[in-house]
Amino acid sequence: MAFRFEPITGWKIVSVQQAAAVSFPRDEALQIASLLAFIGGYLEAYTWIVHRVFASAQGANLVFLWVYMTSGEWERAVLYVPPLLAFAVGVVLACWLRWALPQRAGRISNLIEIAFLFVVAIVHNRLPELAGTLGLSLAAAFQTVSFPRVEGWSYNSVMVTSNFRQTIEGMFGAFAGGAEPRAFRRSYVFGMICIAFGLGAAAGAFVTELKRTHSLAIPVLLLVIVLLLCEQKPVRARA
């Protein structure tokens with residue numbers, strides 16, 4: 001026997017077979033979450049190499065902002081304001097889209113992110129700071145709001161800290177013999193997402209240094225693949 005949380009009825013006892021047969025929407029599949037994590041790591045590396053700011057790790061941007069402000073380096077501090085504001089605007093817009101069109105929000109957000117990356121790639125040579133800090137932060141915000149879950153668990157495709165914590169918690173729960181029905185699955189899922197993010201960061205750094213002008217073509221292509229995968233039928237989670 002195992003326990004499973006139902007949003008309406010609360011905790012209930014289910015059999016191991018029932019716990020293993022958990023279905024979820026296609027956009028919560030590990031395959032899609034891993035691709036999005038790869039894109040998140042890729043764009044983070046790209047933005048840091050090109051602009052020395054982060055597209056999605058706003059905690060780091062906020063730390064740099066206050067460090068340079070307290071030391072009186074205002075010109076360096078102000079560089080971290082645009083990505084913070086752009087990310088906030090992107091979250092608001094993505095939340096509004098999810099509220100207004102809940103059934104199609106993920107697909108539309110995917111298309112918007114692709115459009116943002118296209119615009120960044122086109123105007124980057126003329127307006128490098130504006131395109132990099134605003135466009136990529138907006139894209140990261142749309143991605144993290146529109147794809148918040150993987151196999152029923154909350155995760156983040158553009159930052160790795162919470163995913164790493166989930167990996168460790170899942171491993172601890174599995175070896176400690178907790179009541180969670182998919183403890184080993186949770187550690188596996190979040191571990192794969194962490195690996196995908198790291199591989200994306202490595203690829204983003206390598207390609208950006210090698211061919212900066214065309215480096216954004218890779219995340220655009222992967223987002224198109226994500227869009228196509230989201231149109232497939234719902235799947236069932238493994239135990």
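Being at pLDDT 50 or above, in a helix (DSSP H, G or I), within 16 Å of Val189 (Cα to Cα) and not polar (S, T, N, Q) is a property that holds for Ala37. Just checking, does region 4-24 include any residue being among the hydrophobic types (A, V, I, L, M, F, W, C) and modelled with pLDDT of 85 or more? Checked against the condition, which is being among the hydrophobic types (A, V, I, L, M, F, W, C) and modelled with pLDDT of 85 or more, region 4-24 yields no hits at all. Restricted to region 140-184, and to residues there that are in a loop (DSSP other than H, G, I, E, B) and of a type in the set (Asp, Glu), the residue that is surrounded by the fewest Cβ atoms within 10 Å (Cβ to Cβ) is Glu180. Taken over region 48-88, residues that are surrounded by fewer than 12 Cβ atoms within 10 Å (Cβ to Cβ) and of a type in the set (Gly, Ala, Ser) amount to 3.
Flag: Ala100 matches the condition of being farther than 15 Å from Glu44 by Cα and at pLDDT below 90. For region 48-74, the tally of residues that are at pLDDT below 85 and either part of a helix (DSSP H, G or I) or under 21 Å from Ile112 (Cα atoms) (or both) stands at 10. Taking the numbered list (1) modelled with pLDDT under 90; (2) closer than 15 Å to Ala29 by Cα; (3) of a type in the set (Val, Ile, Thr) in turn, Ile193 passes all entries but (1). The number of residues in region 75-97 being within 17 Å of the chain's Cα centre (by Cα) and at pLDDT below 85 comes to 1. Residues of region 185-234 that are part of a helix (DSSP H, G or I), polar (S, T, N, Q) and farther than 21 Å from Ile49 by Cα: Ser187 alone.
The values are calculated or read from the model by the stated rules, or taken from the named source; none is laboratory data. Here the structure is a predicted model, which is why all the values come from computation and not from measurement. We place every Cβ from the backbone using ideal geometry, glycine too, and count neighbours over all the protein chains shown.
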